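> This is the structure I want to talk about, given as structure tokens.
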Amino acid sequence: MDILSIVGVVLAFGAILGGGMLHGNGPGVLWGPAAFVIVFVGTTAAILVQTPMPVFKHGLKILGWVFKPPAQDPKALIERIVGWSNSARKQGLLALESSVEGEADPFVKKGLQLLVDGAEPDVIRNTLDVELGNREHFDLAGAKVFEGMGIYAPTLGIIGAVMGLMEVMANLADPSKLGSGIAAAFVATIYGIATANLFMLPIASKLKSVIADLTRVREMVIEGLVSISLGENPRNIEAKLQGYLH
């Protein structure tokens, strides 16, 4: 569980609600049904037009990575790769067949299967590089769903504010409605800017960071499996893979 993300979300709500209360405004001041519809529904509509459905679904699927990234243990993975290298040197590549059957990670399992099947090092690298590139591209597309929402939300907030001010201008003859009308108009601006800068853009950045970590670990797997295929010394393989931990 990523504690910093949870703390960040709590502080984000606290900053808005607490800041408003320090200015003497109750939480009710920040509620505006019209602004909510314009900003949130409008932002959702814009991102749906921009994004293919599979990408949008994947974006929602990986949203949980912000709070609970996929479990990664590079040190333990290096130990396993070195163990595979020792087994391959002593008993041959076919000795790794049992490891293929017990491997839970589909990416690692595919690489191990290529290794057991006797694929050439270049074939192993190229095959896994293609899969890695496609996975990274799809994951980043999912992260860009939230990046896009962070771009559209402030603009929709401005539209909401302008529409609110239009209503205010239509009631200039009634001064009693001006103050509340102007306040309601700017609620949309708060929704748009706060949603983008406190939630959507940080979520996109966090997801990109998680995806980069996943990619680095998979690159390490590719390097390890190719090194085994080349028959490199297990100690040399371990020393090489240690560089991915820094």
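> State all residues of segment 74-98 that are polar (S, T, N, Q) and either more than 28 Å from His246 (Cα to Cα) or free of Cβ contacts under 8 Å to residues at least 60 places away in the same chain (or both); if no residue qualifies, say none.
Ser87, Gln91, Ser98
> What number goes with the only condition from (1) part of a helix (DSSP H, G or I); (2) closer than 19 Å to Arg218 by Cβ; (3) among the acidic types (Asp, Glu) that Glu147 does not pass?
Against the list (1) part of a helix (DSSP H, G or I); (2) closer than 19 Å to Arg218 by Cβ; (3) among the acidic types (Asp, Glu), Glu147 comes up short only on (2).
> Would you mind telling me which numbered condition in (1) at pLDDT below 90; (2) farther than 20 Å from Thr44 by Cβ Asn134 fails?
It fails just one condition, (1).
Matching residues to (1) over 30 Å from Ile3 (Cα atoms); (2) of a type in the set (S, T, N, Q):
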residue	(1), (2)
Gln50	yes, yes
Leu63	no, no
Gln72	no, yes
Lys75	no, no
Ile78	no, no
Gly83	yes, no
Glu97	yes, no
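> Pull up segment 69-98, narrow it to residues that are of a type in the set (Ser, Thr, Tyr) and at pLDDT 85 or above, then point me to the one that is nearest to the chain's Cα centre (by Cα).
Going through the qualifying residues, I end up with Ser85.
> Among Thr155, Thr127, which is the only one that is of a type outside the set (A, V, I, L, M, F, W, C), in contact with a Lys or Arg (Cβ under 9 Å, 6 or more places away or on another chain), assigned to a helix (DSSP H, G or I) and surrounded by fewer than 20 Cβ atoms within 10 Å (Cβ to Cβ)? Talk me through it step by step, then tell me what you get.
Numbers: Thr155 fails: in contact with a Lys or Arg (Cβ under 9 Å, 6 or more places away or on another chain).
Sole residue among the options that is of a type outside the set (A, V, I, L, M, F, W, C), in contact with a Lys or Arg (Cβ under 9 Å, 6 or more places away or on another chain), assigned to a helix (DSSP H, G or I) and surrounded by fewer than 20 Cβ atoms within 10 Å (Cβ to Cβ): Thr127.
> Which one is surrounded by the most Cβ atoms within 10 Å (Cβ to Cβ) among residues in segment 207-246 that are in contact with a Gly (Cβ under 9 Å, 6 or more places away or on another chain) and farther than 21 Å from Leu112 by Cβ?
Among those residues, the one meeting the criterion is Leu207.
> Another question, if that's okay. Scan Val37, Val29, Val9 and give me the residue that is at pLDDT below 90, closer than 19 Å to Ser205 by Cα and in a helix (DSSP H, G or I). Let's see the steps before the verdict.
Numbers: Val37 fails: closer than 19 Å to Ser205 by Cα; Val29 fails: closer than 19 Å to Ser205 by Cα.
Val9 is the lone residue from the list that is at pLDDT below 90, closer than 19 Å to Ser205 by Cα and in a helix (DSSP H, G or I).
> Can you pull out the residues in segment 99-124 that are assigned to a helix (DSSP H, G or I), more than 14 Å from Ala88 (Cα to Cα), in contact (Cβ under 8 Å) with a residue 40 or more places away in the chain and not β-branched (Val, Ile, Thr)? Working first, answer last.
The first filter runs over segment 99-124 and keeps only residues assigned to a helix (DSSP H, G or I), leaving 99-101, 106-116, 121-124.
Still in the running and more than 14 Å from Ala88 (Cα to Cα): 101, 106-111, 121-124.
Next cut, in contact (Cβ under 8 Å) with a residue 40 or more places away in the chain only: 107-108, 111, 121, 124.
Phe107, Gly111, Pro121, listed by residue number.
The values are calculated or read from the model by the stated rules, or taken from the named source; none is laboratory data. Because the structure is predicted, anything quoted here is derived from the model rather than measured. When we count neighbours, we look across all protein chains shown, and the Cβ atoms used for this are built from the backbone with ideal geometry, even at glycine.
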